[in-house]
Structure formats: structure tokens, C-alpha cells
Amino acid sequence: MSKTSNKQYAEALYEVTRDLKGADLSAAVKLFVEVLIRDNKFRQSNNIIAEFERISKKAEGIVELEITSARDLDAETIEQIKKAFGQKVEAITSVDEGMIGGVKVKLEDKILDGSVKTQLKSLKQQLAN
């Protein structure tokens, strides 16, 4: 018997609760928690919830970006980056002072690296050839 992953639990929760409201939603969530307890997965509930949120956002067409920069970005710059990726975009920003400058944008499993550090590495490789 194969183990059920956190993502599979999250997908199941999404499928079951997608159209529910009120008391029906509460009852479904209560049953889901009971399943997690029965399967000894309750300790993984935070990870399952995070996965559920990703699935839910994707179903609603919301794109989630992780923007990393060398310094804090102003709101206007963040909005310009978000616009480049569509209408429904949520951004999580962080600072990595080791970057020198530029930005990295992570979108699902893709990373767009516009950091100065990476550009310098690329230039160094081109000059070496």
C-alpha cells in the first residue's frame, strides 16, 4: 500500500470542498481533520494547508511569485513586476543582500534570474570561451 502525499491530501480536500459553503463546508473540514488524525498525518496539516492554498489559487487563475532582491523594492516596482505576469498575481518579496543587485523571480518551478551576480558569472563564462 503506497503512502498518500501531502499534495494528494490537499487535492482531495480541494475537490471535496470546492463548491461547499456554511455547515456543509464545516462538516467536510471536520471529517478531513478526522482522516488526518486516523492516518497519523495531523502533524503535517500546515504543509497540507499550504499545498491546498497553492492548488486553490491555481484553480482561480492566481499566479504566485517569489521576488528576491538585493534591497527592499518599492511598491511601484513590485507592481510593475506583477503586471508582467498577468492580472491575478500575488507576490512574496524577500531580500538577499548577497545578490549585489537585480532581482530573481520564482514562478512555480521556474526561476527568472536577473541578478547582477548571475549576469557577471555569465559574462565571465563568455569571456573565458
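The values are calculated or read from the model by the stated rules, or taken from the named source; none is laboratory data. The model shown is predicted, which means the values in this text are computed figures rather than measured ones. All Cβ positions, even for glycine, are placed from backbone atoms using ideal geometry, and neighbour counts span all protein chains on display. Accessible surface areas use protein heavy atoms only, side chains included; no ligands, DNA or RNA. Shrake-Rupley method; radii C 1.70, N 1.55, O 1.52, S 1.80 Å.
Accessible surface area normalised per residue over the stretch 1-79 is 73 Å², counting heavy atoms of protein chains with a 1.4 Å rolling probe. Taking amide H as placed 1.01 Å from N in the peptide plane, Thr93 has its amide H under 5 Å from the amide H of Ile67, each at least 5 places away in sequence or on another chain. For GluC sites (Glu not before Pro), the sites in the stretch 30-65 that DSSP calls loop and that have at most 12 other Cβ atoms within 10 Å are Glu60. For Lys83 and Ile62, the difference between the fully extended length at 0.36 nm per residue and the C-alpha to C-alpha distance is 6.3 nm. Backbone amide hydrogens, once placed in the peptide plane, bring Val63 within less than 5 Å of Lys88, Val89, Glu90, excluding anything fewer than 5 places away on its chain.
Pairs with C-alpha atoms separated by more than 27 Å, drawn from the list Lys30/Lys57; Lys58/Lys83; Lys83/Lys124; Lys21/Lys110; Lys7/Lys30; Lys83/Lys104, are Lys83/Lys124; Lys21/Lys110. When each full DSSP H helix of the chain is screened for a Cα extent of at least 27 Å along its own axis and an average Kyte-Doolittle hydropathy of at least -1.0, none passes.
If R0 is taken as 25 Å, the Cβ-Cβ distance between Leu120 and Ile92 corresponds to a FRET efficiency of 0.45. When the Gaussian network model of the chain links Cα atoms closer than 10 Å, the mean-square fluctuations of Val63, Val105, Val33 top out at Val33.
The modelled label-to-label distance for the pair Lys30/Ile100, using points 7 Å beyond Cα in the direction of Cβ, is 5.9 nm. Relative contact order, whole percent, for the chain stands at 20, derived from Cα pairs under 8 Å and 6 or more residues apart.
Rounded to the nearest 0.05, what FRET efficiency do Glu108 and Ala23 have when you use their Cβ-Cβ distance and R0 = 30 Å? Walk me through the intermediate numbers first.
Numbers: r = 35 Å, r/R0 = 1.16.
After rounding, the FRET efficiency stands at 0.30.
Per-atom-type breakdown for the chain gives carbon and sulfur 52% of the accessible area (1.4 Å probe, protein chains only). The loop-placed trypsin sites (Lys or Arg not before Pro) in the stretch 51-125, going by DSSP, that have at most 16 neighbouring Cβ atoms within 10 Å of their Cβ come out as Arg71, Lys88.
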